[in-house]
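Encoded as structure tokens, the structure appears first; notes follow it.
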Amino acid sequence: MVCEADVSKVPAVDKAVDQILQNFGSIDILINNAGITHASVSILDLEVLDNVINVNLKGVYFCSRRVGKEMVRQRSGSIINIASIAGLTSLPLPVYGPIKSAVIMLTQILARDWAQHGVRVNAIAPGYVLTPLLQDLFDRGLRDQDTLLAYIPMRKFVMPTDVAHAAVFLCSDKAQCITGVTLPVDTGFLSAGGWKALGYD
């Protein structure tokens, strides 16, 4: 079953969740994966600001709010918010980065609030994932593949399946004592820290 919904609009989210509940009776897992980004610059116009906030933050909030209500009622469930390394370190993404930081904080707040009800809330912070979107940026010359790889200790990009495997783990019984965490899946990007600035490879 597939339900299309604009996650930035409460009525659309509520309608989709109602349809899912009608067909399946309960929701055990929610992965907030919808997101948009923008060009790497120091500042952006307000239209971009609104669009990114509406999808990347309000979308997570609206979906978590609606599905979380059901999970609290049934006293079980796992929510995974897809954040980003841009929410953990400064990149030239002045809207996307701060919004992903907000997603990480929302993850911690919901995890603390809903733990007593048997609901776990975690986040995944992917690094550079080799999706069609990233490949298109390479093809159009908007990102340089070699430059990015030079800053990644493992010298490879994250694959979509890597993020999926992390989500499966966090939703599984093997992670039954894990809530409120943000798991980087970044082939070592965050661990590089300031090494490049000090002249080390």
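Annotations for the structure displayed:
- Some residue of region 54-74 being more than 12 Å from ASN32 (Cβ to Cβ), outside any strand (DSSP E or B) and among the small types (Gly, Ala, Ser): no
- Listed by first and then second residue, the pairs with beta-carbon distance under 9 Å, at least 6 apart or on different chains, first residue in region 128-152 and touching a residue at least 40 places away in the same chain (Cβ under 8 Å), second surrounded by 15 or more Cβ atoms within 10 Å (Cβ to Cβ) and among the basic types (Lys, Arg), are TYR128/ARG143.
- Within region 1-22, the set of residues being free of Cβ contacts under 8 Å to residues at least 24 places away in the same chain and more than 19 Å from ILE36 (Cβ to Cβ) comprises MET1, VAL2, CYS3, PRO11, LYS15, ASP18, GLN19, ILE20, GLN22.
- Scan of region 145-176 for residues that are surrounded by fewer than 16 Cβ atoms within 10 Å (Cβ to Cβ) and at pLDDT below 90, ordered by number: THR147, ALA150, TYR151
- Yes/no for VAL67 being under 23 Å from LEU183 (Cα atoms) and either in contact with a Leu (Cβ under 8 Å, 6 or more places away or on another chain) or without any contact (Cβ under 8 Å) to a residue 24 or more places away in the chain (or both): yes
- Test result for ARG75, at positive phi and either of a type in the set (A, V, I, L, M) or in contact with a helix residue (DSSP H, G or I) (Cβ under 6 Å, 6 or more places away or on another chain) (or both): yes
- Within region 30-46, the set of residues being within 19 Å of the chain's Cα centre (by Cα) and at pLDDT 75 or above comprises LEU30, ILE31, ASN32, ASN33, ALA34, GLY35, ILE36, THR37.
- First in region 87-107 and more than 16 Å from THR37 (Cβ to Cβ) and modelled with pLDDT under 95, second anywhere and charged (D, E, K, R) and part of a helix (DSSP H, G or I), Cβ under 7 Å, 6 or more apart: none
- The one condition from (1) in contact with a helix residue (DSSP H, G or I) (Cβ under 8 Å, 6 or more places away or on another chain); (2) touching a residue at least 24 places away in the same chain (Cβ under 8 Å); (3) within 15 Å of LEU183 (Cα to Cα); (4) not basic (Lys, Arg) that VAL119 does not meet is (3).
- Test: residue in region 99-111 that is within 11 Å of the chain's Cα centre (by Cα), more than 29 Å from ASP173 (Cα to Cα) and not basic (Lys, Arg): yes
- Taking the criterion of being hydrophobic (A, V, I, L, M, F, W, C), assigned to a helix (DSSP H, G or I) and in contact with a Phe, Trp or Tyr (Cβ under 8 Å, 6 or more places away or on another chain), the residues of region 137-189 that qualify are LEU148, LEU149, ALA175.
- Just one of the listed residues (THR187, THR179) is farther than 27 Å from ALA115 by Cβ, of a type in the set (S, T, N, Q) and buried (at least 16 other Cβ atoms within 10 Å of the Cβ), and it is THR187.
The values are calculated or read from the model by the stated rules, or taken from the named source; none is laboratory data. Bear in mind the structure is a predicted one, so any value in this text is a computation, not a measurement. All Cβ positions, even for glycine, are placed from backbone atoms using ideal geometry, and neighbour counts span all protein chains on display.
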